[in-house]
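Below: one structure, written as structure tokens.
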Amino acid sequence: MPSQRHTPRDDRGPEKRGHSEHTSSSSNDSPRSGQREYRDYKNNRGRPRHPDKEVDKRVRELDAERDPLSLPEEIVSEATKAGQRVGIPLTRQDDAQWNISDLQQSPLETLKAIAGTFGIAPSDGASKQELIFEILKSRMKANGLMFGEGTLEILPDGFGFLRSSNYHYLSCPDDIYVSPSQIRRFGLQTGSHVAGQIRPPKENERYFALLRIEAINRLDPSARRKTVPFDDLTPLHPDKRIIMEHASSDMSTRIVDMLTPIGFGQRGLIVSPPRAGKTILMQQMARSVLTNYPNAYVFILLIDERPEEVTDMEREVRGPQCEVISSTFDEPAQRHIQVAQMVIEKAKRMVESGTDVVIFLDSITRFARAHNSEGESTGKLLTGGLDAGALQKPKAFFGSARKVEEGGSLTILATALVDTGSRMDDVIFEEFKGTGNLEIVLDRDLVDRRIWPAIDISRSGTRREEMLLDPNEYKRISALRRSIADQSPADAMHSLVKQLAKTQNNAEFLLSVKDED
């Protein structure tokens, strides 16, 4: 029996191969039938026909579809369908590139539905801006793109880098490069929070690079041009009070809230000798702001601080709306200046966007020392070896605090060191004394007698406090101050703490104060 020889299949197509050697008497042997057979072969990868015509038809339809989607493509496909169900317009139907302005025009419930398609579980207090930002991040990751964000620092050469608050805005290998053209195009400034698509470094490059800007200060990049520069905003007296009271057992914040009321836009000094409890007081005040005002943003800026104090502050004061930024005493003075500049510039950009920002600075004395050692010398020395021009930038930092008519505010509460044995520190305090509109003075004598908080009531107060207090509340607080005016600071604080401990809140206590009028 002759052996059967296997002939390789010719894939040149019916028009290029002879039909006579493959034809039969069937009607399917026409040239059109050959083309169909070849097309079926290419589309179905030589799949044999199924006896059931309907099943065979469906199988071949499925095989004719495009290749299976990758995981990111499947995620985007499902998100696209979800976006169409909830009525979100797509700027590009092929890859579901949602524009930030489209999301901003959508109601909160719609945004939550979109977030659910990406597996985002928004918290109860999540704002619309935060939700949009998380959707943009997830969308780019679903598309297989790299997402990056950070606070921009523009260098003298014109380009910049996105720094991370996790590293206290230090220069790091994973910083993101921003080109001068992008900075000019979008009018970016130092302190702007920029987010967008990034790419890994190419050969001979050291840093990631920003490809496309998706958001500036968590807003549409086109909206950035509509914001008013910080220096052109209209400053006003603080008239919206920051309620510091948040727990009946926290006497420090209750007393501060009653005797030295603080408003959004306040510029305050916490005058303190060493070991008088200023750090603990700042922690309690920062926690009060975060608890009572979840939409406010809090910076705790520690300059020339001990490392253990930084760790303690990071553990005690935490939250999504809080940053603890520090430079320790073992770092150079130039680093102290750089970190403070980043914080104040970021705060200004946030105020331009209408955010209430609160900065706790510890301390402005050490900040001025850093400028004295690193700044250009004017040749004029004040008492204690302080250069006459060393306080220009620290005063500009402190003077940035204000409430603005256009919306938003910048509150700065800074500590000033006294009785340190340094004549320079005393001169620095004297230069800043009177520049603020609030002073909280801590007394070393109260600390020695273990009376907390160690606040000297007679020397502490707020300018124009009547703008922050209810008229009836203002009368009762004035009566309280008159009743303890003749007592020593230690006796006055001791008696006040005892009376406050008997009540659950300040309102209950003030109702017990007799109005002499």
Subset of segment 171-197 [in contact (Cβ under 8 Å) with a residue 24 or more places away in the chain, out of contact with any Ser or Thr (no Cβ under 8 Å at 6 or more places or on another chain) and either not assigned by TED's automatic domain parsing to the domain that holds ILE213 or not aliphatic (A, V, I, L, M) (or both)]: PRO173, TYR177, SER179, GLN182, PHE186, GLY187, GLN189, THR190, GLY196, GLN197
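Please verify whether segment 287-294 includes one or more residues that are under 20 Å from the mean Cα position of the chain (by Cα), on the phi > 0 side of the Ramachandran plot and buried (at least 16 other Cβ atoms within 10 Å of the Cβ). Before the answer, list the steps.
Initial filter on segment 287-294 (under 20 Å from the mean Cα position of the chain (by Cα)): 287-294.
With on the phi > 0 side of the Ramachandran plot added as a condition, the list becomes none.
There is no residue in segment 287-294 that is under 20 Å from the mean Cα position of the chain (by Cα), on the phi > 0 side of the Ramachandran plot and buried (at least 16 other Cβ atoms within 10 Å of the Cβ).
Has segment 184-192 got at least one residue that is surrounded by fewer than 14 Cβ atoms within 10 Å (Cβ to Cβ), of a type in the set (Lys, Arg) and either at pLDDT below 90 or part of a helix (DSSP H, G or I) (or both)?
Checked segment 184-192: at least one residue is surrounded by fewer than 14 Cβ atoms within 10 Å (Cβ to Cβ), of a type in the set (Lys, Arg) and either at pLDDT below 90 or part of a helix (DSSP H, G or I) (or both).
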Residue list for segment 247-275, filter: of a type in the set (D, E, K, R) and either in a strand (DSSP E or B) or not assigned by TED's automatic domain parsing to the domain that holds ARG402 (or both): ARG267
Answer residue from segment 471-517, given it is closer than 22 Å to ILE451 by Cα, of a type in the set (Lys, Arg) and in contact (Cβ under 8 Å) with a residue 24 or more places away in the chain and is surrounded by the fewest Cβ atoms within 10 Å (Cβ to Cβ) among those: ARG482
Out of LEU413, LEU417, LEU391, sole residue that is crowded, with 16+ Cβ neighbours inside 10 Å and out of contact with any helix residue (DSSP H, G or I) (no Cβ under 6 Å at 6 or more places or on another chain): LEU413
The one condition in (1) in contact (Cβ under 8 Å) with a residue 60 or more places away in the chain; (2) over 22 Å from PRO320 (Cα atoms); (3) buried (at least 19 other Cβ atoms within 10 Å of the Cβ) that ARG163 fails to fulfil: (2)
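Per-residue answers, yes or no, for (1) buried (at least 20 other Cβ atoms within 10 Å of the Cβ); (2) assigned by TED's automatic domain parsing to the domain that holds THR190; (3) not aromatic (Phe, Trp, Tyr):
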position: TYR297; (1), (2), (3): yes, no, no
position: PRO307; (1), (2), (3): no, no, yes
position: GLU314; (1), (2), (3): no, no, yes
position: SER327; (1), (2), (3): yes, no, yes
position: ASP330; (1), (2), (3): no, no, yes
position: ILE344; (1), (2), (3): yes, no, yes
position: ALA347; (1), (2), (3): yes, no, yes
position: ASP356; (1), (2), (3): yes, no, yes
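If we scan segment 470-487, do we find a residue that is part of a loop (DSSP other than H, G, I, E, B) and closer than 19 Å to MET244 by Cβ? Explain how you work it out, then say what you get.
Of all residues in segment 470-487, those part of a loop (DSSP other than H, G, I, E, B) come to 470, 485-487.
Going one step further and asking which of them are closer than 19 Å to MET244 by Cβ, we end up with 470.
Yes.
The values are calculated or read from the model by the stated rules, or taken from the named source; none is laboratory data. On a predicted model such as this, the values are computed, not experimentally measured, just so you know. Cβ: placed from backbone, ideal geometry, glycine included. Neighbour counts: every protein chain shown.
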